[in-house]
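Take a look at the structure below.
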Amino acid sequence: MSASGWEALAQWGEDATRIERLTGGVANYVWSVRINGQLAVGRLGKRSDEDLQWEAELLQYLDSKGLTVPVAIPTNDGRFFANGLTVMRFMEGGPPETESDWRRVADALRELHLLTQGWPQRPGWKSSIDLLQADSGTKVDLLAMPPDGVARCRAAWARFRGRQTCVVHGNPNSAANVRISADRVALIDWDEAHVDIPDLDLVLPHNAAGLEGEELDFATQASAAWEAAVCWDDDHAISQLAAVRSL
């Protein structure tokens, strides 16, 4: 991914400019930009057009249903993205801090899950349930993991076989991916969003989703297994796999 890809920003207007690089982007370059005099966020990455179209259409739909999400600002000729670059609406607010804040995040996630039952899978992705049989999907390569670790992850996911699936945000428990204000909860950074079991989104600080007993235990194990598989084998993935119980 070359910074020269930012030349595509001109497709949002002759006066479109980058301002400063934003923290938090790992797989992409993320900058604040100015489009037609308005502050926005530009994201330059390597995802396929099909992948970017899936994300853009999802966020347009969620916005139409009243969720606060960073919808794409179209290019001058009406496209959601150009040469791997997406420009999105800037989301006001700060990170969640209190237990009450996180309960509001849990409410927003449950609304997301309710609105997207039956949504098609993100191109190239596999859900945790798919990975009970499949060995890979986008960022997941189970063949790269220790066989014992794969067996433990699959055992954690298998408890949810047959559950209703929906779009999950994929990483909402990071305060960096949420912007909260007095009247709104904005979920940002949808790079990890895909169709899966909703429980993966509900292991939150302060147990804000109110999971209890076995429900909390199973969700925590499934979430740790997913975190291990999706970013194997960095330090975070190794620590998450260590949290998945042995068979």
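The values are calculated or read from the model by the stated rules, or taken from the named source; none is laboratory data. Because the structure is a prediction, the values reported are computed rather than measured. Cβ sites come from the backbone with ideal geometry, for glycine too, and all protein chains shown count toward neighbours.
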Kindly indicate whether Arg122 is out of contact with any strand residue (DSSP E or B) (no Cβ under 9 Å at 6 or more places or on another chain) and either at pLDDT 95 or above or outside the structural domain of Ala237 (by TED's automatic domain parsing) (or both).
no
Members of region 78-105 that are of a type in the set (Gly, Ala, Ser) and either in contact with a Leu (Cβ under 8 Å, 6 or more places away or on another chain) or at positive phi (or both):
Gly78, Gly84, Gly93
Would you check if Leu216 is part of a helix (DSSP H, G or I), crowded, with 21+ Cβ neighbours inside 10 Å and either without any contact (Cβ under 8 Å) to a residue 60 or more places away in the chain or in contact with a Phe, Trp or Tyr (Cβ under 9 Å, 6 or more places away or on another chain) (or both)?
no
Within region 95-120, considering residues that are of a type outside the set (Ser, Thr, Tyr) and not in a helix (DSSP H, G or I), the one farthest from Asp51 (Cα to Cα)
Glu97
Only unsatisfied item for Gly124, checking (1) closer than 29 Å to Thr68 by Cα; (2) in a helix (DSSP H, G or I), is (2)
Criterion violated by Gln117 - all others in (1) out of contact with any strand residue (DSSP E or B) (no Cβ under 6 Å at 6 or more places or on another chain); (2) surrounded by fewer than 16 Cβ atoms within 10 Å (Cβ to Cβ) satisfied:
(1)
Conditions first: (1) modelled with pLDDT of 95 or more; (2) among the hydrophobic types (A, V, I, L, M, F, W, C); (3) in a helix (DSSP H, G or I); (4) surrounded by fewer than 19 Cβ atoms within 10 Å (Cβ to Cβ). Ala176 passes all but one, so which condition is the exception?
(1)
Among Glu55, Glu92, which is charged (D, E, K, R), within 18 Å of Ile188 (Cα to Cα) and either outside any loop (DSSP other than H, G, I, E, B) or at pLDDT 95 or above (or both)?
Glu55
Test of understanding: among Leu44, Leu143, Leu132, Leu62, which residue is surrounded by 19 or more Cβ atoms within 10 Å (Cβ to Cβ), within 27 Å of Ile197 (Cα to Cα) and of a type outside the set (S, T, N, Q)?
Leu62
Over region 194-210, the set of residues in a loop (DSSP other than H, G, I, E, B), of a type outside the set (A, V, I, L, M, F, W, C) and surrounded by 24 or more Cβ atoms within 10 Å (Cβ to Cβ) is none
Are any residues in region 21-39 closer than 30 Å to Thr138 by Cβ, surrounded by fewer than 18 Cβ atoms within 10 Å (Cβ to Cβ), modelled with pLDDT under 95 and out of contact with any helix residue (DSSP H, G or I) (no Cβ under 9 Å at 6 or more places or on another chain), and if so, which ones?
Arg21, Leu22, Gly25, Val26, Ala27
Yes or no: region 24-35 includes at least one residue that is aromatic (Phe, Trp, Tyr) and not in a helix (DSSP H, G or I).
yes
Taking the conditions exactly as written (assigned to a helix (DSSP H, G or I), over 21 Å from Leu115 (Cβ atoms) and modelled with pLDDT of 95 or more), does Val244 satisfy them or not?
no
